[in-house]
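Working notes for the structure below.
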Amino acid sequence: MKMFRLESEGKCGGCNWAVSFVYVLAETEQQAKELYEKGEAGLCGDCMCDMLSEASYEVVSSYPTPNSKEDKRDLYSHTRMVY
Ligand SMILES: [Zn+2]
């Protein structure tokens, strides 16, 4: 999954604050928009960070070869953050 930032005129799905942007985890930007429009995703920065730090997510750089998982892990294993 990737993190997408979408413009919002609504509220955070976590804390209910009115926010200008929400963050959505999805495979594609189109999927992120659909999830947000259906009301199934969309958190403010604070709530998204809370969720990521409380759940077992890893942050992995996709630079420079986003299509090659093995290269990515070899070159950038030091950038991986494991919670
Ligand atoms: Zn929030």
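Each reported figure results from applying straightforward, stated rules to the coordinates on display, with no laboratory input. Because the structure is a prediction, the values reported are computed rather than measured. Heads up, the Cβs are rebuilt from the backbone with ideal geometry, glycines too, and the neighbour counts pull from every protein chain shown.
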(request) Would you please name the residue that is nearest to the ligand (Cβ to nearest atom), looking only at residues in segment 1-16 that are exposed (fewer than 12 other Cβ atoms within 10 Å of the Cβ) and of a type outside the set (Asp, Glu)? (result) 16
(request) Could you please find all residues in segment 17-36 being touching a helix residue (DSSP H, G or I) at 6+ places or on another chain (Cβ under 7 Å) and either of a type outside the set (A, V, I, L, M) or within 12 Å of the ligand (Cβ to nearest atom) (or both)? (result) 22, 23
(request) Output yes when any residue across segment 25-35 is touching a residue at least 12 places away in the same chain (Cβ under 8 Å) and touching a Gly at 6+ places or on another chain (Cβ under 8 Å), and no when none is. (result) no
(message) Return the pair list, or none, for Cβ contacts closer than 6 Å from residues in segment 1-21 that are free of Cβ contacts under 8 Å to residues at least 60 places away in the same chain to residues that are of a type in the set (Ser, Thr, Tyr) and surrounded by 13 or more Cβ atoms within 10 Å (Cβ to Cβ), at least 6 apart or on different chains.
(response) 3/23; 5/23; 6/36; 19/8; 21/8
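Filter segment 1-36 down to the residues that are part of a loop (DSSP other than H, G, I, E, B), among the β-branched types (Val, Ile, Thr) and within 24 Å of residue 60 (Cα to Cα) and list them by number.
Taking segment 1-36 and keeping what is part of a loop (DSSP other than H, G, I, E, B), we get 1, 8-10, 12-17, 19-20, 27-28.
From what's left, among the β-branched types (Val, Ile, Thr): 19, 28.
If the condition is that a residue be part of a loop (DSSP other than H, G, I, E, B), among the β-branched types (Val, Ile, Thr) and within 24 Å of residue 60 (Cα to Cα), then 28 is the only one that fits.
Are any residues in segment 37-62 away from the ligand (no atom under 16 Å from the Cβ) and either under 13 Å from residue 2 (Cβ atoms) or in a strand (DSSP E or B) (or both), and if so, which ones? Quick ask: steps written out before the conclusion?
Of all residues in segment 37-62, those away from the ligand (no atom under 16 Å from the Cβ) come to 37-38, 56-62.
Once the filter is applied, which keeps residues that are away from the ligand (no atom under 16 Å from the Cβ) and either under 13 Å from residue 2 (Cβ atoms) or in a strand (DSSP E or B) (or both), segment 37-62 yields 57, 58, 59, 60, 61, 62.
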